[in-house]
Amino acid sequence: MTRLGVLLSGRGSNFLAIAEAINNGSLRGCEIVLVLSNKADAPGIDAARQLGLEARAIPSKGIPRQEHDRQMIAALQDARVDLICLAGYMRIISPEFIAAFPNRILNIHPSLLPSFPGLDAQGQALEYGAKIAGCTVHFVDEQVDHGTIIVQRTVPVLDNDTHDTLAARILEQEHQAYAEGLQRVLSGEYRIEGRRYIRK
């Protein structure tokens, strides 16, 4: 059974979608053993505790990035985490963090990478006039929103879309795509050639 660690900074809707997929049996072979947040008041921490999961906050405010990352790494290692899912974790992962869990950190981003990396991808898509948006599940590397792509899902951008309506439709796809991408990684039935994720 693969032991998952989830990192979040907010409400953790993608975390909750993963937990639901595990509970209903659509995501198999894994269990969430630790939920961590860099914010003590993150609603996702309370949600995790209500589900009976181990959840901790390691506040990052006022702490040097390297020191905070060392505390996060130690907590994940103590929990014997095999695979990490970033679920709205609003901090850039340091090279030291990535080196501690090579090819074992996943993220989901609300755009079709490599388009619109960084903050407010939905707003970027609207401002650019993109006709198709979506989400991407990818491995995390040392660059922001850059690692090998595992799964992408598309969402049409409608003429009357606002930031909120587009973000809501993308989020629906995120909840499905993250579980799908996680299941693909858990299967081990893939190889990576250059930047390409290839299913066996």
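A short reminder: the numbers here are calculations on the coordinates, not readings from a lab. Quick caveat, the model's predicted, so the values are computed rather than measured. Don't worry about glycine lacking a Cβ; one is built from the backbone with ideal geometry, like all the others, and counts go over all protein chains shown.
Can you return the lysines within cross-link range of Lys61? Criterion is Cα-Cα under 16 Å, with same-chain partners fewer than 8 residues away left out.
The reachable lysines, counting only those whose Cα sits under 16 Å from Lys61, are Lys39.
Among Gly88, Gly123, Gly25, whose mean-square fluctuation peaks in a Gaussian network model of the chain (Cα, cutoff 10 Å)?
Highest fluctuation among the options: Gly25.
Can you tell which of Pro64, Pro43, Pro95 shows the greatest fluctuation in a Gaussian network model of the chain with Cα springs below 10 Å?
Result for the chain, Cα springs under 10 Å: Pro64 fluctuates most.
Over all directions, what mean area does the Cα convex hull of region 1-102 project, stated in square nanometres?
Over every viewing direction, the Cα hull of region 1-102 projects on average to 6.0 nm².
State the extension gain, in nm to one decimal, for the chain segment bounded by Ser187 and Ala57, taking 0.36 nm per residue of separation less the distance between their alpha-carbons.
43.8 nm is the gain from fully extending Ser187 to Ala57.
Can you work out the FRET efficiency for the pair Ile92 and Asn160, with r the C-beta to C-beta distance and R0 = 25 Å, to the nearest 0.05?
Efficiency computed from Cβ-Cβ geometry: 0.15.
Which FRET efficiency value, to the nearest 0.05, do you get for Gln77 and Ala168 by plugging their Cβ-Cβ distance into 1/(1 + (r/R0)^6) with R0 = 35 Å?
For Gln77 and Ala168, the calculated efficiency is 0.45.
Given region 49-139, report the % of alpha carbon pairs whose separation exceeds 16 Å.
I get 63 percent for the Cα pairs in region 49-139 exceeding 16 Å.
Beta carbons within 10 angstrom, averaged per residue: use that to sort the peptides 131-137, 69-75, highest first.
Per-residue Cβ counts within 10 Å, averaged per peptide and sorted highest first, yield 131-137, 69-75.
Exposed loop sites here are GluC sites (Glu not before Pro) in DSSP loop states with at most 13 other C-beta atoms within 10 Å. What is the longest stretch of the chain lacking them?
1-141
Using a Förster radius of 30 Å, what is the FRET efficiency between Lys131 and Glu180 based on their Cβ-Cβ separation? Nearest 0.05, please.
0.80
Restricting to Cα atoms and excluding each atom paired with itself, what does the Kirkwood estimate give for region 89-189 in Å?
14.0
Over all distinct alpha-carbon pairs, what is the Kirkwood Rh of the chain in angstrom?
In the chain this quantity evaluates to 17.2 Å.
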